[in-house]
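Beneath this line is the structure, given in structure tokens, with notes to follow.
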Amino acid sequence: MKKLHLISLLLLTIITISSCKQNEKKASEPSKKGYTVDSGKTTINWIAYKTTSKTPVKGQFTKVTIEQEKKATTVLSALNGLKFSIPVNSLFTKDTIRDKKLKKFFFGTMKNTLEITGVITTTNENSGTVSLTMNEITQVLPIRYTINDQTVTIEAVMNLDNWKTQLALKALNAACKDLHSGDDGISMTWSEVKIEVTTNLKYQ
């Protein structure tokens, strides 16, 4: 009986030691490296147009928030399914008067547009879509991108009419009537906006 007790005790000790060693091994194993989008190294530039001759007006959003940040094995998979939000008050055009007009008359005319939100879907190595929400409307925006090591450049062309911004464009054009008039005297604000996003992914 004593012999059986000793054998049981020995087996329990071996199992306990083995379990501890496995736990120590798991704890000591470093987490796997992967790619994550760095919001601090992401720039969002845009080009809008005014006058009938399509004079460009450049600007950017200086802030972006990445939601549910994930680590992925490739740059492409780090982008796929990425959720983001852009606060409208981060709009910047190097002209404070223009900034105020855009925020008040354009975004201010829309519904619940304190921020613009979206989800990226990567289709293949150089194209995909963004499910973009603005003015309480969600539309799919086709995008193209290039990947250079850990740097990604995304380009898209928005037709603002798809987000039903006609009233917002009309309000902005009325507030900027003289500034949006060309040599022909016609004041015009285009619904087309070009977007260029550059981001540098972390690998850690």
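Projected over every direction and averaged, the convex hull enclosing the alpha-carbon atoms of segment 35-203 yields 9.5 nm².
You can think of it this way: the chain between Lys83 and Thr65 has 5.6 nm of extra reach, that is 0.36 nm per residue less the Cα-Cα gap. Per-residue extension of 0.36 nm, minus the Cα-Cα distance of Gln139 and Asn112, leaves a gain of 8.1 nm for this segment. Near Lys71, once Lys and Arg are set to +1 and Asp and Glu to -1 for all other residues with Cβ below 10 Å from its Cβ, the sum equals +3. Beyond 30 Å in Cα-Cα separation lie the following of the pairs Lys100/Lys164; Lys70/Lys104; Lys50/Lys111; Lys54/Lys103; Lys54/Lys164; Lys83/Lys111: Lys70/Lys104. The equivalent ellipsoid of segment 146-204 has semi-axes of 35, 13, 10 Å, largest first, where each one is the square root of 5 times an eigenvalue of the Cα gyration tensor.
Of the GluC sites (Glu not before Pro) found in segment 98-166, those that fall in a DSSP loop while having at most 11 other beta-carbon atoms within 10 Å are Glu125, Glu136. Positive contributions from Lys and Arg (+1) and negative ones from Asp and Glu (-1), summed over other residues with Cβ under 11 Å from the Cβ of Thr153, come out at -1.
The numbers here are math on the coordinates, done by the rules we state, and not lab data. These numbers were taken from a predicted model, which means no experiment stands behind them. All Cβ positions, glycine included, derive from the backbone under ideal geometry; neighbour counts span all protein chains shown.
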